[in-house]
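In what follows, a single structure is set out as structure tokens and then discussed.
The values are calculated or read from the model by the stated rules, or taken from the named source; none is laboratory data. All values derive from a computational prediction rather than experimental measurement. Glycine gets a Cβ as well: all are built from the backbone with ideal geometry, and neighbour counts include every protein chain shown. Only protein heavy atoms, including side chains, enter the accessible area calculation; ligands, DNA and RNA are left aside. Shrake-Rupley method; radii C 1.70, N 1.55, O 1.52, S 1.80 Å.
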2 protein chains.
Amino acid sequence: MNAAYQRLAARAARLAALGEAQSILHWDASTMMPRGGGAARGEQLAALAGLGHEMMTAPDVAEDLAAAEAEGEWASANLALMRRAHRRATALPTALVEATTRANAACEKVWRDAKAASDFALVRPFLEEVLRLQRETAQAYAAATGLSPYDALMEGYQPGVTAAEVEPVFTAYEAWLREALPRAEELQARRGAPIPLPGPFPVSAQRDLCRRLSLRVGLEAEHSRLDESLHPFCGGTPTDVRITTFYSDKDPAKALLGVLHETGHALYERGLPAAHARQPVGESAGMAAHESQSLIVEMQACRSDAFLAFLGRELHKAFGGDPAPYAAGNLAKLWRRVSRGFIRVDADEMTYPAHVILRFRLERAMIGGDLAVADLPGAWAEGLKSLLGITPPDDARGCLQDIHWHDGAFGYFPSYTLGAMAAAQLMKAARKAEAGLDAALEQGDLSPLLRFLRANVHAHGARLGFQDLMRAATGKPLDPADFTEHLTARYL
Amino acid sequence: MNAAYQRLAARAARLAALGEAQSILHWDASTMMPRGGGAARGEQLAALAGLGHEMMTAPDVAEDLAAAEAEGEWASANLALMRRAHRRATALPTALVEATTRANAACEKVWRDAKAASDFALVRPFLEEVLRLQRETAQAYAAATGLSPYDALMEGYQPGVTAAEVEPVFTAYEAWLREALPRAEELQARRGAPIPLPGPFPVSAQRDLCRRLSLRVGLEAEHSRLDESLHPFCGGTPTDVRITTFYSDKDPAKALLGVLHETGHALYERGLPAAHARQPVGESAGMAAHESQSLIVEMQACRSDAFLAFLGRELHKAFGGDPAPYAAGNLAKLWRRVSRGFIRVDADEMTYPAHVILRFRLERAMIGGDLAVADLPGAWAEGLKSLLGITPPDDARGCLQDIHWHDGAFGYFPSYTLGAMAAAQLMKAARKAEAGLDAALEQGDLSPLLRFLRANVHAHGARLGFQDLMRAATGKPLDPADFTEHLTARYL
């Protein structure tokens with residue numbers, strides 16, 4: 001490695017440390033900060049973001065990137081990732097970045113009111129401005145990267161996957177679902193309704209249980225925290241992961257399964273290669289890869305029959321009362337319930353992809369100039385009708401439900417379903433590699449699964465692109481058949 | 001204000017935002033961070049400190065400082081403060097800064113063991129290296145500022161006060177104490193022993209009481225937090241102040257009085273001029289000024305007879321039991337007890353200055369080259385004997401007790417006693433300006449005091465130097481007579 005590479009690596013380490021600081025400050029803002037600190041926190045985060053951008057786009061970085069030489073797989077991948085990040089950071093004129101920041105903030109603010117009032121007209125001009133700038137941004141990224149505009153936006157979330165790859169996968173899933181969903185509903189109806197969990201569910205008992213289970217499935221107390229925030233997330237840094245959740249004293253499922261989901265994200269961060277910490281190659285392989293890790297823990301492992309048996313015992317220990325509702329079979333009925341709903345975040349794993357497919361098609365059309373914001377509510381209703389056979393009663397339960405577009409995030413949605421599919425594929429490979437995986441799950445032990453994921457996913461960091469990562473871990477690129485096979489086994 | 005000034009102000013705002021981020025990260029490290037995050041936090045803080053130093057010492061800053069023109073009192077003071085900060089930031093060669101960071105960290109680490117084992121020989125070579133570098137640092141600052149080496153170090157903590165001003169103040173106090181202390185002890189003995197508080201003192205009740213009282217004396221819930229850490233402090237930012245304390249279930253006094261002390265610091269931060277936020281002139285007037293604000297709340301207001309009456313009622317409400325020990329007179333006996341001890345942090349307000357005078361003289365001699373580290377234990381014992389008539393039984397209770405020198409902090413100690421003296425002087429002025437001050441204290445109401453401090457201390461930020469601030473608030477520079485008058489009234 002020559003001097004130019006060494007300088008780039010030193011700069012990357014500093015940039016990453018800056019990013020870690022931002023991550024902790026974001027966590028603090030969501031969990032600890034008194035309300036009155038909000039304006040100052042905005043200044044702090046803006047200063048850090050500004051410094052980071054200046055470091056990334058300083059003239060000597062371009063010179064070093066041109067002159068850098070890397071040896072070996074890791075350093076070569078690292079350099080390629082630096083070049084990609086630099087291409088993106090320098091692709092946008094400052095005026096566009098500033099206009100986007102302002103437009104997103106303004107739209108997001110109005111969106112909160114618009115959603116509460118289910119009044120799309122309120123947010124429409126703001127969303128039009130956001131979209132106009134996103135299209136300009138996509139063009140600028142496209143010019144710098146050689147990708148199509150929509151793919152160039154997707155690259156910001158899940159590099160190395162194109163819309164051309166996603167579209168046939170989604171089309172195939174749509175066809176499968178059209179046939180499978182009615183059958184799953186019929187079977188479910190025949191099995192009868194679940195017994196509701198009796199309660200009460202004191203928040204302090206939930207908190208203890210969530211933390212205990214999060215540690216039980218593999219997180220280390222010395223490297224993590226569990227706190228509360230309005231919107232659950234996993235933040236912090238690889239050696240100091242911060243999970244949050246939100247407790248309802250009426251239903252322990254949301255916090256519990258949510259914490260297990262975030263624990264999957266956290267375990268990925270914990271398993272990233274420490275030798276490459278604070279280098280691009282030491283980061284995760286993207287948002288779809290990240291979502292695959294949360295979903296393999298939550299959906300594949302923790303909602304499996306085997307783990308539900310363990311979980312039922314733990315819940316009964318924590319909350320007492322009649323043991324019958326805590327039987328694995330009843331928990332499966334409760335927590336693996338298929339239902340055609342309007343709300344993505346409440347969707348089951350079978351219909352969830354339909355929500356994503358809808359958004360993927362709409363946002364792709366918007367970025368491509370084929371769908372105007374004014375026509376969004378109609379296109380939404382039509383799309384949902386076609387995918388799930390239902391029509392949203394209002395825009396609050398339609399195109400106003402998600403924050404994403406209203407905050408300028410176009411190109412993110414596919415990651416959710418790519419992650420779900422990758423999770424099924426990885427689980428199948430893990431079961432093959434680790435014979436005792438399901439027997440362990442029955443004891444609440446995820447270590448065989450985790451061993452597989454650490455070696456085959458986490459340890460690669462961002463050295464491999466998403467498809468190469470899937471190939472290395474499972475012997476093939478993303479294959480949605482493993483996902484439908486999983487759904488067939490579980491629901492049909 | 002010309003363009004050069006505008007650029008400097010913009011840069012200062014960014015630097016301050018960076019400093020705020022560091023402050024929150026420090027708070028997090030002491031209160032929330034899981035242990036495993038320590039190494040990464042070090043990287044994050046080092047990156048922020050490095051960026052801040054680079055911003056401060058960039059070549060165009062010197063050009064702008066030379067060209068800047070400011071109009072009006074605030075901007076002129078701001079520019080002068082920027083020039084001072086720049087002089088200090090550029091005074092030290094990078095190699096010296098790095099050597100100091102390393103030597104301080106190494107010494108501090110060994111000091112922990114040396115203190116635990118009361119083995120000065122263990123830390124001696126490390127402290128020698130720290131001192132050697134501090135002397136070099138003092139020389140470099142002196143050359144840049146025109147101050148004497150020791151004054152140049154003091155300037156880093158409390159600008160605008162010189163050892164030549166401090167020495168006669170301390171000498172006079174020493175003489176006063178020699179006569180007053182035996183009389184106070186005699187009086188105290190005659191009054192008889194206090195009744196100990198009965199307990200128990202559940203930590204959760206203490207936590208609630210501390211937070212409630214902190215808000216009662218003027219802190220706003222929307223702009224503050226109260227948490228726990230091993231060593232209590234006040235951190236955060238002016239709109240988001242973070243107080244910490246440490247609870248013992250055996251004695252509620254330490255946490256309670258500690259929280260009131262930190263609340264004094266916090267109220268100062270809250271009262272700084274918002275119009276000059278994130279500019280040097282909007283900061284506090286230094287460490288002595290800051291200590292005066294914590295001590296005026298804790299020592300002057302909250303340990304007054306008037307406030308103790310209120311506090312006794314609150315404590316009895318919180319912990320119940322026999323009301324007799326919670327009478328104001330008994331609390332005064334408990335919490336205003338004079339005693340010749342070895343440990344500075346446990347000292348009462350009468351003997352505390354003796355501990356500071358000892359350290360001031362020793363560190364001044366060490367920086368001046370008149371006292372070698374090898375001779376420190378002997379000089380310490382001799383000095384304490386002369387000041388308080390007692391001899392430490394070992395170095396753990398002697399020159400190993402404080403972290404300061406072992407972490408490279410020379411020139412800080414005088415601030416404690418300058419602050420105590422300023423607090424007495426400000427309290428006297430406040431009583432004159434606010435007729436109802438003591439009547440309000442009896443109801444647990446600090447608002448008259450706070451009104452005075454906000455207008456006469458907090459609102460000035462760093463526009464006035466320490467002595468000018470005292471003049472503006474009290475009509476005279478620091479006058480230790482007000483402090484001895486306060487002690488005489490309270491103890492004699």
For the range A:284-289, Karplus-derived ³J(HN,Hα) couplings (6.51, -1.76, 1.60; θ = phi - 60°; whole Hz; x for glycine and proline) come out as 6, 8, x, 6, 5, 4
Plugging the Cβ-Cβ distance of residue A:128 and residue B:191 into 1/(1 + (r/R0)^6) at R0 = 45 Å yields, to the nearest 0.05, a FRET efficiency of 0.05
Under the convention of a label 7 Å out along Cα→Cβ, give the distances in nm from residue B:113 to the same position in every other copy, shortest first.
6.4
I need the calculated FRET efficiency for the pair residue A:476 and residue A:435, taking r as the beta carbon distance and R₀ as 25 Å, to the nearest 0.05.
0.75
What number do you get for chain B when its Cα radius of gyration is normalised by 2.2 N^0.38 Å, N = residues?
0.98
Of A:169, A:481, A:156, which is farthest towards the positive pole of the range A:149-492's charge dipole, taken about the Cα centre with +1 and -1 on the beta-carbons of Lys, Arg and Asp, Glu respectively?
A:481
For every other residue with a beta carbon closer than 12 angstrom to the beta carbon of residue B:491, add +1 if it is Lys or Arg and -1 if Asp or Glu, then tell me the sum.
+2
What list of ³J(HN,Hα) values in whole Hz, one per residue of the range B:90-104 in order, does the Karplus curve 6.51 cos²θ - 1.76 cosθ + 1.60 (θ = phi - 60°) give from phi, with Gly and Pro shown as x?
9, 6, 9, x, 3, 4, 5, 4, 5, 4, 5, 4, 5, 5, 5
Summing +1 for each Lys or Arg and -1 for each Asp or Glu, what net charge is found among the other residues whose Cβ lies under 11 Å from the Cβ of residue B:99?
-1
Filtering trypsin sites (Lys or Arg not before Pro) in the range A:277-324 by DSSP loop and by at most 16 other Cβ atoms within 10 Å leaves none
Only loop residues by DSSP count here, and only those with at most 15 other Cβ atoms within 10 Å; note down the GluC sites (Glu not before Pro) in the range A:26-118 that meet that.
A:69, A:71
Taking the label point as lying 7 angstrom from Cα along the Cα-to-Cβ axis, what are the distances from residue A:26 to the corresponding position in the remaining copies, in ascending order and in nanometres?
2.6
Ballpark to the nearest 100 Å², how much total accessible area do B and A bury together, probe 1.4 Å?
2800
For residue A:313, net neighbour charge (Lys/Arg +1, Asp/Glu -1) across residues whose Cβ lies under 13 Å away:
+1
List every residue whose amide H lies under 5 Å from the amide H of residue A:237, counting only residues 5 or more places away in sequence or on a different chain, with H placed 1.01 Å from N in the peptide plane.
A:242
Using DSSP, restrict attention to beta bridges with both residues in chain A and report what percent are antiparallel, rounded to the nearest 5.
50
Count neighbours as other Cβ atoms within 10 Å of each site's Cβ, and list the chymotrypsin sites (Phe, Trp or Tyr not before Pro) in the range B:41-131 that are DSSP loop with at most 16 such neighbours.
none
Amide H proximity to residue A:371 below 5 Å, modelled H, separation 5+ or other chain, gives A:366
Pop a pseudo-label 7 angstrom from the Cα along the beta-carbon direction at both residue A:63 and residue A:386 and give the gap in nm to one decimal.
5.4
Calculate the radius of gyration of the Cα atoms of the range A:241-383 to one decimal place, then report Dmax, the largest Cα-Cα distance, as a whole number, both in Å.
19.1, 57
For residue A:224, residues with placed amide H under 5 Å, excluding near neighbours
A:241
Okay, which of the range A:165-194 sit inside 19 Å, backbone N to the point 7 Å along the Cα-Cβ direction of residue A:250?
A:194
Accessible area of chain A with a 1.4 Å probe: how many percent of it is carbon plus sulfur?
55
Förster radius 22 Å - calculated FRET efficiency between residue A:317 and residue A:485, Cβ distance, rounded to 0.05:
0.05
Between residue A:105 and residue B:492, how many nm apart are label points set 7 Å from Cα along the C-beta direction?
5.9
Rounded to whole Å², per residue accessible area for chain A with a 1.4 Å probe reads 40
So for the pair residue A:118, residue B:231, with labels modelled 7 Å out along Cα→Cβ, what separation do we get in nm?
5.8
Length-normalised contact order of the range B:218-275, Cα under 8 Å, at least 6 apart, in percent, tallies to 33
For the range B:439-454, in order, what is each residue's ³J(HN,Hα) by Karplus, 6.51 cos²θ - 1.76 cosθ + 1.60 with θ = phi - 60°, in whole Hz (x at glycine and Pro)?
4, 5, 4, 4, 9, x, 10, 9, 4, x, 4, 5, 4, 4, 5, 4
Relative contact order as a percentage, the range B:159-243, C-alpha pairs under 8 Å and 6+ apart, gives 16
The protein assembly as shown, helix-only ellipticity at 222 nm - DSSP H runs n ≥ 4, -39,500 (n - 2.57), divided by all residues, nearest 500
-21000 deg cm²/dmol
Test of understanding: extend the Cα→C-beta vector of residue B:337 to 7 Å, then name every residue of the range B:353-382 with backbone N under 20 Å from that spot.
B:353-355
Note: A:221-227 gets an average of partner chain Cβ contacts (10 Å, Cβ to Cβ) equal to 3
